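Below is one structure; the comments refer to it alone.
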Amino acid sequence: MPVLVMKFGGTSVANLDRIRRAAKRVGVEVAKGYDVIVIVSAMSGKTNELVGWVNETSPLFDAREYDAVVSSGENVTAGLMALTLQEMDVPARSWQGWQVPVKTTSAHSAARIEEIPPENITAKFNEGMRVAVVAGFQGVSPEGRITTLGRGGSDTTAVAFAAAFGAERCDIYTDVDGVYTTDPRVSDKARKLDKIAFEEMLELASLGAKVLQTRSVELAMRYKVRLRVLSSFEEQSDEAGTLVCDEEEIMESNVVAGVAFSRDEAKMTLISVADRPGIASIIFGCLSEAGVNVDMIVQNISEEGRTDMTFSLPTDQVSRAEKALGELKTSGGLNFAELDTELDVAKVSVVGIGMRSQSGVAAKMFKVLSDEGINIKVITTSEIKISVLIDRKYMELAVQALHDAFELEKAA
Ligand code: ADP
Ligand code: ASP
Ligand code: MG
């Protein structure tokens, strides 16, 4: 029988009523003749609570135990979903990641899926089971420890199962009815897209649009998974939601497909470092060893052989970066006058495949921000995106102004 993967996010399984509603959706697909793999998230808010408990117990926690704790939210919803389906006379059972097994790397809290052998679940389908409910977000390391895939990781579990089982489609049920031109919570002019290209979705996700975890889009692109985002709160047709697909499948699109933003950014500047070969390698080598994910980098104008080096990073990695650079200075590895940290910054990006062939997008973006009196602190560009770092208090204003200026409320 053809296989379908259906993933339900936290708000879609937030309580028993919602689990029942989701189970009914699953029942509809089973009745159509699909064997269904259901991937569930933890009930909304649960993972945050678990992360909070870990931080309170042990600020510099052992990541293996962090994973043991935070993976547990999904175990509850997987069991409840299987029970609900059984109550509806749908043959179903639950699976935790290790039981499948979902084999991952040992990078605890940010593990990557390496392999999902389909045999165990396929054997059960062959015996008449119609739904395998799998706890998302979790797997097992080569050492036999429980791992998690990073926040939002159930999306990645879903796409990885779709690839491993050759599923006809991977449907991501969430609390919005598709992928929008920007987060509909920030702009009421945001427009739902019927289709979006893998590459655009990949950029939007990695630049902060949390509707899909970045890694899930990467996997879907690599394994050609038909990936759809849709609402679990509305009756759905087969054409509902947003299809993430190859750009060849999209006839018309705007130059800018969407605006993404990320609130949790910080900016650090090393003031007065030597302007000579090898300095960047020392600084960013040290940060990389400390596990800091540096994003944007600028080297400012140099004077008398000295220069300032600015970079951005996630807010929650600031203390780790300060510690690593402080130690580098004390040990004589790097000489600098000061380390300046700004915590209240945000990154706003415009994304679109059309930028490959159309110039002037950057100029227009900078003009829009300047007309709003918003100062740009750092800029980075790639072939299909432009990102700026600005004061966080202007983030919503910037998103809305860019959405207006690029006329994203109108279809191409
Ligand atoms: P789930 O719990 O179902 O995984 P998430 O909260 O992870 O749901 O992702 C859905 C949320 O993503 C939406 O509620 C919305 O606020 C946010 N979001 C951000 N950018 C976009 C976008 N471009 N299109 C749709 N939703 C977006
Ligand atoms: N429950 C996990 C989280 O909140 C994984 C997920 O929902 O995708 O990050
Ligand atoms: Mg999510």
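Since every read-out is calculated from the coordinates, none of them should be taken as a lab result. Bear in mind the structure is a predicted one, so any value in this text is a computation, not a measurement. Reconstructed Cβ throughout: ideal geometry from the backbone, glycine too, with neighbour counts over all protein chains shown.
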Original post:
Taking only DSSP H segments of four or more residues, each worth -39500 (n - 2.57), what value at 222 nm results for the chain once the sum is divided by all its residues, to the nearest 500 deg cm²/dmol?
Top reply: -10000 deg cm²/dmol
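Can you compute the charge dipole magnitude of the chain about its Cα centre, using +1 on each Lys and Arg Cβ and -1 on each Asp and Glu Cβ, nothing else charged? Give it in debye, rounded to the nearest 20.
With only Lys, Arg, Asp and Glu charged at Cβ, the dipole is about 560 debye.
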Original post:
Which value in nm describes the separation of the simple spin-label points at Glu409 and Asp371, placed 7 Å from the Cα toward the beta carbon?
Top reply: 1.5 nm
Subject >> DSSP bridge pairs, segment 77-159: antiparallel proportion in percent, nearest 5 >> reply: 50 percent
**OP:** May I ask you to list, by number, the DSSP H helices of the chain whose Cα span along the axis is at least 20 Å and whose average Kyte-Doolittle hydropathy reaches 0.0 or more?
**Re:** 72-87
Subject >> Top positive-direction residue, dipole computed over the chain with Cβ charges, set Asn15, Val378, Val368 >> reply: Asn15
Original post:
Rounded, prolate or oblate: which fits the chain, taking a ≥ b ≥ c as square roots of the Cα gyration tensor eigenvalues, rounded meaning a/c under 1.5, else prolate when a/b beats b/c?
Top reply: oblate
Subject >> DSSP bridge orientation in the chain - percent antiparallel, rounded to nearest 5 >> reply: 60 percent
Original post:
Contour minus end-to-end for Val76 and Thr105, with contour as 0.36 nm per residue of separation and end-to-end as the Cα-Cα distance?
Top reply: 8.0 nm
**OP:** Please order Ile250, Ile301, Ile146, Ile172 by the number of other Cβ within 10 Å, starting at the fewest.
**Re:** Ile301, Ile250, Ile146, Ile172
Original post:
Sorting Trp98, Trp53 on the 10 Å Cβ count, fewest up front, what's the list?
Top reply: Trp53, Trp98
